[in-house]
Amino acid sequence: MGLSLVQRLLLIEILISDIWTQERPEPMSAECFGNLLRITLSAEYFEDKYLSFSVVDQSGIAWELNEAMASQCGYTVTYSNWSNIEFRASALSCHSRLEEDMFIITVEIKASHAADMKNATTHVKSASCSYSPWSLRELVCESNYMEVSVRREVPQTVKDIIQDEPEDWNLVFLEAKAGETSIWQIVFHQPEEKTALLVSDAWSAGYGLNTTDDRVVLRIPYTAAQIQLVKDRGITFSTVRSSILYKQQWMILMMDTAVACPVDGVDYINRTIIWTVPKYIQPFSAGETSFKDVLVEAGVDLHKLSAKEMASRKYVLLNDLNAIMMRIPIGAEGGYYKTSVSSGQHGTKYAINPFLEHQWEDNKWGLTKYIIIKEIETPFEQVELAITNNSNLSLRLMNVTVGTFLPDVKLVKLTIEGTTVALPEAVQHGYLTYEIRYANGSKAYIIQVPLDAPSIKKEYMGADMRAYTLNVTLAFIIHPTSETFTVPVITVSAVKDAVLPSARGFCDGRNLHLIITHGNVDQNWLPFISDRHLTPESVKKYSYSLRDNGTHLAISVPFLSSHVNYEDFHASGIKASLHLTLKDGLTLANKREFSVSCSFSPSQLIQCLPNGTVVITAVKLVEAADLDTSLFVLRDRQCKPSLVTERTATFKFNVNTCGTSRKFNSTTMTYENDVLYFRPGSDTPVYRLKFVCWYAIKQAVDVQYESKKNPPPSIKPGFGSLALSLKLFKEKSYTEPYQEPEYPVVKYLREALYFEVELLQPKDVRLELNLDDCWATNSQSQDSLPQWPMLINGCENSEDSYKAVFHKVNYSLRVKFPQHLKRFEVRMFTFVLGTTLLQEQLYFHCSVMICSTMQQPSGSLCPRRCSPGKHRLDRSAEPHQSGKVSSGPVLIRKENN
């Protein structure tokens, strides 16, 4: 036949049934439906394969099908019921063999996992169907073509037989008369003109013409040029009015081959499909004057249904004088739901393939058989997908179920932080996907990803909670349409695992230092001092130091800095503090505040130079924040500062100027002056800073520095930021503490626990650590209940049968400041409920007070009597600093087996 064929590859995925049968079905099965043959492909066998179809002729030549050839030759390939494949062939198809009342068709199917059909497996299926008797005229409306076949015989002349219009002949009579013997032609009757084509030309135009010993067949694709759309009772039909002429010697035979197939006629009312087909449609009813219904039957998927079967499915078939109507409830048996996409939204359609067979007799043709195969889909309905968060927080695993979906949907890609990856690649990002199937054929997908995956957004919620947000977009494909849609999945899980940043502070002779240990919530928090963001530029501007190694943020600020607060000063030193705030990087809301306070030597503020020059820096106290440092003066109010910052004023002058007084004795000269601040209109200073320089013979030293103001300031001891530790030691020698990997420590009845509490920072010889209360709990929370007291107000618990024992701390290579440590032991009998030993893990806590050894006024908290060599005094309001520290866990066991 010399046709040019283009290979068309069909990618399908057939879903396997949940029930696995012991014997696998045959790859293909065949069924006969009158003058149609259907071959169904096994869903299980052809799952996820590329397919090509060919028809084998009587010579053994395989003709590969494409869409054009299929509609021209009478073949149809359809997908139904979630990607099942059907191959249908007309009894009068191009390569069928007719033997009496049998027609035989051989189909060759190639299946491959590769798009280029490499290593394809070939399957051949021959099937035969018996069909008899043939009606004088048979009309078939398939999904991709219209077919009309009429009996091929020379009719006898009958009086009053209705003939075609005379002009139908005029167009071709001359050509037929002058042509060679045995010429076939087809004439298309159109409103504007009539077109005649030779058989070869008709084939080239896409029409299918065939003859058997007793029939003539015309097959017309729905895309043919000569098709006209006409309406009959409001229903649109695709119609072709045509005649086939055959000339042989002296005889010209003309056969009417008109055909019409409904294009629409489907309505959806009250969740019901209404399919209406008018009877006796133009143009194939032209010239007929009498009609008589012989048969009206209907069914689904080419299976005819009895009245009882229709009633059980709630179908209704109506047949009146003018039309045949079929009513099918949406969702009824025989149809199926399929996935669809509209404007990017996921939804469903209900699909069903009913067919109608109408036979009638008329005065022109006798018996006509009319078969309509209809593919119906209901309008799109959007479906809301359930997204269920089943995260297992104890395993730190996000677990989200998305669905349910129909079986024709497949997950193919994930979009993670803007990057789209296929499912195998998603594993590299920490994402695992699972498909789960249900008994009714539907499916769902599970997405699993660890909480600590980089793409999981973590946000601090407050207290000890963090919000973990999974934000991933799932991409799906629908078979066999290859439509795609996406589903954004955003779920949030609250987890009690927030670790806030902590800090310790200390000072050296010139700087205040803060070392902040990062938590797991402050990745986007920014450091601020006095509402000024510490950027590399600002750090450089103010001569600060800022270092961050990922785990710790270290900040150093000079003592004489514009962002240091000065709280008090006296002859022994100046108390200065640095306050740092961590703020949210987006909202700038305060998240965490830290501070360090230290006392600095007065020598930082006074320089008495040998040449008689004095340089003195006056600082503004926090409680006098409204003072303008530029208005500070010396006794001689004409002497003003040479350098001013927000909090300091620096004077440089000679001892013989600015109202400086001088005194002599036998060995030294003493120079004194005051830095003063006066309110406008007042001669009484509200700020007075007195300085003294003593000069020895040929030598100058800084001697004294004190402040006086109205009213005089109260003197308070200075403390830095506390850093404490509570350690459990293995023996009474206190040489080897338990290390972190050894916890939880297992201890048994009668064993002793050796505790050591230490002040780590500040390293100040003037400070002493004293124990207040020590207790045990069965949770990490210091305030949880129940509690077992070990020390009360620094003393052993008098209610314990085995009281705590204190151990003296001596100086050693490890212990530089013995006054910074306290040691005690307790026995395991301490931890009981009633008379029962508490056999579970315990945590230990102590509260401490840090006291100054410089001043111990009567009534202070320091010293304490229960620590070795000390005695206890009553509580008072003397200044001190307190803190709490914890350790553990320890597992308590009754017997040591």
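The values are calculated or read from the model by the stated rules, or taken from the named source; none is laboratory data. For clarity, every value in this text was computed on a predicted model and none was experimentally measured. Neighbour counts are summed over all protein chains in view; Cβ atoms, including those assigned to glycine, are modelled from backbone coordinates with ideal geometry. Calculation scope for accessible area: heavy atoms of the full protein, side chains included, ligands and nucleic acids excluded. Shrake-Rupley method; radii C 1.70, N 1.55, O 1.52, S 1.80 Å.
Once the C-beta distance of S812 and I792 is scaled by a Förster radius of 45 Å, the resulting FRET efficiency is 0.95 to the nearest 0.05. The listed residues L414, L229 rank as L229, L414 when sorted by accessible area, largest first, using a 1.4 Å probe. Computed log10 I(q)/I(0) for segment 411-553 at 0.14, 0.18 Å⁻¹: -0.83, -1.08, from the Debye equation with unit scatterers placed on every C-alpha and solvent omitted.
Translational diffusion coefficient, Stokes-Einstein: compute it for segment 207-315 using the Kirkwood radius over C-alpha pairs as Rh, at 4 °C and 1.567 mPa s, and state it as an integer in µm² s⁻¹.
On the way: Rh = 17.2 Å.
Rounded, D is 75 µm²/s.
For V805 and R750, a Förster radius of 25 Å and the Cβ-Cβ distance give a FRET efficiency of 0.95, rounded to the nearest 0.05.
Using 0.36 nm per residue, how much length does the chain from E192 to V230 gain when fully extended, once their Cα-Cα distance is taken away?
Contour length minus the Cα-Cα distance gives 12.2 nm.
Inter-label distance, S562 to R532: 0.5 nm, where each label sits 7 Å from its Cα along the C-beta direction.
When you count the other C-beta atoms within 10 angstrom of each residue and take the mean per peptide, 354-361, 40-47 line up highest first as 354-361, 40-47.
Sparse packing (at most 15 other Cβ atoms within 10 Å of the Cβ) combined with a DSSP loop state is found for none of the trypsin sites (Lys or Arg not before Pro) in segment 348-393.
Which of the residue pairs K727/K816; K496/K730; K496/K822; K194/K292 have a Cα-Cα distance greater than 24 Å in the structure shown? Don't jump to the answer; show the numbers that get you there.
On the way: K727/K816 17 Å; K496/K730 33 Å; K496/K822 34 Å; K194/K292 32 Å.
Distance filter (> 24 Å) returns K496/K730; K496/K822; K194/K292.
Suppose the chain between R547 and I104 were pulled fully straight at 0.36 nm per residue; how much longer would it get relative to their current alpha carbon spacing? Could you put the intermediate results ahead of the total?
Values: separation 443, 0.36 × 443 = 159.48 nm, distance 8.69 nm.
Roughly 150.8 nm would be gained on extension.
Distance from the C-alpha centroid of segment 51-102 to that of segment 250-326: 25 Å, rounded to the whole angstrom.
Other residues within the sphere of radius under 13 Å centred on the Cβ of N590, judged by their own Cβ, net out at -1 (K and R +1, D and E -1). Segment 544-640 has equivalent-ellipsoid semi-axes of 33, 17, 12 Å, by the square roots of 5 times the alpha carbon gyration tensor eigenvalues, sorted largest first. In segment 61-144, the alpha-carbon atoms span a convex hull of 129 Å³ per residue. A simple rule links phi to the HN-Hα coupling: the Karplus curve 6.51 cos²θ - 1.76 cosθ + 1.60 with θ = phi - 60°, which for segment 629-635 gives 4, 6, 9, 5, 9, 8, 4 Hz, with x for Gly and Pro.
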